[in-house]
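Colleague: My structure is below; once you've seen it, I'll send some questions.
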Amino acid sequence: MLKQQKPFIALVLACFVSAGRADTLYEGALIYSMDARAPHPSGLCVGSNGRLIDLEACQPDETVNLAGQVVIPGLIEGHGHLMGYGQSLLNLNLATAKNLTELVDQVSAAVDQAAPGEWILGRGWHQSKWSPQPAMIKGFQSNDSLNAVSPDNPVFLKHASGHAAFVNDRALALAGITADTLVGGDGEIILDDKGQPTGVLNERAQRLVSKFIPTLSLAQRQRALQLALASLASLGITSFQDAGATQADINLYQEFLSAKQLTSRVYVMINGSDPELLASWMQRGPLIDVDQRMLTVRSIKLVADGALGSRGAWLLEPYSDRAGHNGLPTMPVSEMQDISHLAYRNGFQIAIHAIGDRANREVLDIFDALFDGRDRGVRFRVEHAQHIHPSDIGRFARLGVIPSVQGIHMSSDRPWAIDRLGAARVESGAYMWRSLIDSGAVLVNGTDVPVEPADPFASFYALVTRKTLQGTPEGGFEPQQKITRVEALQADTLNPAFGAFEESFKGRLAPGMVADFVVLDRDIMTIPAAEILQTKVLQTVMNGQVVYTRPDGLIADKER
């Protein structure tokens, strides 16, 4: 490679810095750096420390010609559940079931392979997406067909949202649940017109059964994390913001980090509903790996309400399809307020799940009062920010609060969300990405995996098209809320880095930044929108090391 002449002192310094260094030069690609100073650099130079080096100072030991492929910064999952994802890979994937019959067929096949009395576990069903629809009781199916295929094996199947469960009578019997069982708070045991349990447990009622499920062994948990990390690497995800981890999860991440098996950077939001865990970390303080940012613990996850699909989201006005029902808070507002103050004093970020407009307003009120006359740069977050009253949209930017959304939820949920909220509320306050950005808010995107598949390109597609993954409707739902492809890529790279206080470390490809990047088989910034869903990752590089190469993908020629 020909280089411009440099002053003698610059050459001396370059030689001194590079002594003993083994740089790798990637060239021949269309690079979207997300760096305003050089949006399309001619190449990337990776130093032996895993950081990017100025091309003029690059002394490559190896040159990789990417032969016209496309490179973007490593993708950052802005909101997901890492161990939940791994465990979902061990169990039934019910997201593939198009109706109740297909779900029951999956359970039946699992029962055939299970030992007597063994629990059948799964996640991903969503009754509002099924066709045809079964007979419904308070918006849910009953477990008659489930009982028929699994009379002896207890069955526990989580709703896609995680806010409800579908169980068979055997599981109900093991938990001692009858028509007379009471559950407090936001929990609900759905009963039929004869007052008998239907097998659907909403919100806190799930715990009545789930506490009887045997815990996974350490070997099973290790396998779950291995599966999750391998999948993330294949999807170009080099960082994962884990929304609600336990201490056991954190311990496992540390174990993998020590063994150099952590192939994605993990930003942990600890589960704030665990008083002992919360007290322990408040006493200890944040865990921040300043040099590598492989494992960071500096955020607390709280949950203000449930999900729209299970009618647990907390609304200002009743549901359009369930008269007199507004949903419920899943944590007292006063408790969320106290924990937010505690986090502020101890250097922790707060991230609060809020889906309904009442929940979003209450959370914004908490943050507004907390920041009054004090530091507004603590980057507190609202996870989901799904349905917001129009008068509250501008408050995110004014308060410096980050809306952490999931584009894919709009694609999956919008066809039936209008039944829950009605047209007026959907059009003025649901999935308000354009309005949030225009008001000055920093929009973070994620998938909420395993609630939705981990595919970042499906969520990217949703942000820019406002369509279902089947490409409907023409023009998209509420098309005035679409965002541009540049904004969508920012929401997957730069913005989640900002949301984790790491924008000076990752999220763009520039000298001094970490060498996290992805090689794609197509240009997601210019191809027809429908083709975005066919995007394949050819290679994933994290900290300068290749952590995934697509087996059938043509990557590049290497020269040494």
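Colleague: All but one of (1) in contact with a strand residue (DSSP E or B) (Cβ under 7 Å, 6 or more places away or on another chain); (2) part of a helix (DSSP H, G or I) hold for residue 227, so report the exception by its number.
Modeller: (1)
Colleague: Let me ask something else. Need pairs with beta-carbon distance below 9 Å; first residue among the small types (Gly, Ala, Ser) and within the stretch 530-543, second assigned to a strand (DSSP E or B); sequence gap 6+ or separate chains.
Modeller: Qualifying pairs under 9 Å: none.
Colleague: Still on this structure: Could you list, in sequence order, the residues of the stretch 143-171 that are over 30 Å from residue 417 (Cβ atoms) and either among the aliphatic types (A, V, I, L, M) or modelled with pLDDT under 95 (or both)? Walk me through how you get there before you give the answer.
Modeller: Taking the stretch 143-171 first, the residues over 30 Å from residue 417 (Cβ atoms) are 147-154, 169-170.
Residues satisfying the conditions are 148, 149.
Colleague: Any residue at all in the stretch 272-279 that is of a type outside the set (Asp, Glu), surrounded by fewer than 24 Cβ atoms within 10 Å (Cβ to Cβ) and in contact with a helix residue (DSSP H, G or I) (Cβ under 8 Å, 6 or more places away or on another chain)?
Modeller: Yes, because at least one residue in the stretch 272-279 is of a type outside the set (Asp, Glu), surrounded by fewer than 24 Cβ atoms within 10 Å (Cβ to Cβ) and in contact with a helix residue (DSSP H, G or I) (Cβ under 8 Å, 6 or more places away or on another chain).
Colleague: Among the listed residues 72, 53, which satisfies the condition of being under 26 Å from the mean Cα position of the chain (by Cα), within 30 Å of residue 446 (Cα to Cα) and surrounded by 20 or more Cβ atoms within 10 Å (Cβ to Cβ)?
Modeller: Only one candidate passes the filter, namely 72.
Colleague: Under the condition of being touching a Ser or Thr at 6+ places or on another chain (Cβ under 8 Å) and polar (S, T, N, Q), which residue from the stretch 45-81 is farthest from residue 542 (Cα to Cα)?
Modeller: 59
Colleague: So which residues in the stretch 86-106 are modelled with pLDDT of 95 or more and surrounded by 24 or more Cβ atoms within 10 Å (Cβ to Cβ), if there are any at all?
Modeller: Residues satisfying the conditions are 86, 103.
Colleague: Whether any residue in the stretch 333-348 is within 17 Å of residue 161 (Cα to Cα) and touching a residue at least 12 places away in the same chain (Cβ under 8 Å) is what I want to check.
Modeller: Checking the stretch 333-348: not a single residue is within 17 Å of residue 161 (Cα to Cα) and touching a residue at least 12 places away in the same chain (Cβ under 8 Å).
Colleague: While we're on this one: Against the condition modelled with pLDDT of 95 or more and either closer than 25 Å to residue 138 by Cα or within 10 Å of the chain's Cα centre (by Cα) (or both), how does residue 440 come out, does it pass?
Modeller: Spelling it out, it is not the case that residue 440 is modelled with pLDDT of 95 or more and either closer than 25 Å to residue 138 by Cα or within 10 Å of the chain's Cα centre (by Cα) (or both).
Colleague: For residue 310, are the conditions met, namely being in a strand (DSSP E or B), in contact (Cβ under 8 Å) with a residue 12 or more places away in the chain and hydroxyl-bearing (Ser, Thr, Tyr)? Outline the logic, then answer.
Modeller: Numbers: in a strand (DSSP E or B): no; in contact (Cβ under 8 Å) with a residue 12 or more places away in the chain: yes; hydroxyl-bearing (Ser, Thr, Tyr): yes.
When the stated conditions are applied, residue 310 does not pass them.
Colleague: Residue check, residue 289 against (1) more than 17 Å from the chain's Cα centre (by Cα); (2) part of a helix (DSSP H, G or I), all met but one. Which one?
Modeller: (2)
Colleague: Scan (1) within 30 Å of residue 357 (Cβ to Cβ); (2) free of Cβ contacts under 8 Å to residues at least 60 places away in the same chain for the single condition residue 283 breaks and write down its number.
Modeller: (1)
Colleague: It is to be established whether one or more residues within the stretch 27-40 are within 24 Å of residue 292 (Cα to Cα), modelled with pLDDT under 95, in the same structural domain as residue 542 (by TED's automatic domain parsing) and surrounded by fewer than 23 Cβ atoms within 10 Å (Cβ to Cβ).
Modeller: Checking the stretch 27-40: not a single residue is within 24 Å of residue 292 (Cα to Cα), modelled with pLDDT under 95, in the same structural domain as residue 542 (by TED's automatic domain parsing) and surrounded by fewer than 23 Cβ atoms within 10 Å (Cβ to Cβ).
Colleague: So for the stretch 407-418 (the condition being on the phi < 0 side of the Ramachandran plot and in a loop (DSSP other than H, G, I, E, B)), does at least one residue qualify?
Modeller: At the first step, the residues of the stretch 407-418 found to be on the phi < 0 side of the Ramachandran plot are 407-418.
Checking the rest, the ones that are also in a loop (DSSP other than H, G, I, E, B) come to none.
No, the stretch 407-418 contains no residue that is on the phi < 0 side of the Ramachandran plot and in a loop (DSSP other than H, G, I, E, B).
Colleague: Could I ask something else about it? Could you please let me know if residue 377 is outside any strand (DSSP E or B) and at positive phi? Before the answer, list the steps.
Modeller: Values: outside any strand (DSSP E or B): yes; at positive phi: no.
No; evaluated as a whole, the condition is false for this residue.
Colleague: Being among the hydrophobic types (A, V, I, L, M, F, W, C), surrounded by 20 or more Cβ atoms within 10 Å (Cβ to Cβ), more than 30 Å from residue 552 (Cα to Cα) and out of contact with any Gly (no Cβ under 6 Å at 6 or more places or on another chain), is that true of even one residue in the stretch 454-472?
Modeller: No, the stretch 454-472 contains no residue that is among the hydrophobic types (A, V, I, L, M, F, W, C), surrounded by 20 or more Cβ atoms within 10 Å (Cβ to Cβ), more than 30 Å from residue 552 (Cα to Cα) and out of contact with any Gly (no Cβ under 6 Å at 6 or more places or on another chain).
Colleague: Same structure, new question: Using beta carbons and a limit of 7 Å, which pairs, at least six apart or on different chains, have the first residue in the stretch 72-88 and aromatic (Phe, Trp, Tyr) and the second one not in a strand (DSSP E or B)?
Modeller: 85/228; 85/449; 85/450; 85/454
Colleague: With respect to residue 511, determine if the residue is within 14 Å of the chain's Cα centre (by Cα) and either over 29 Å from residue 44 (Cα atoms) or touching a residue at least 60 places away in the same chain (Cβ under 8 Å) (or both).
Modeller: No: the conditions fail for residue 511.
Colleague: Do the conditions hold for residue 71, that is, is it among the hydrophobic types (A, V, I, L, M, F, W, C) and over 17 Å from residue 520 (Cβ atoms)?
Modeller: So residue 71 does not fit the description; no.
The values are calculated or read from the model by the stated rules, or taken from the named source; none is laboratory data. As the structure is a prediction and not an experimental result, all values here were calculated from the model. So basically every Cβ, Gly included, is an ideal-geometry build from the backbone, and we count neighbours across all protein chains shown.
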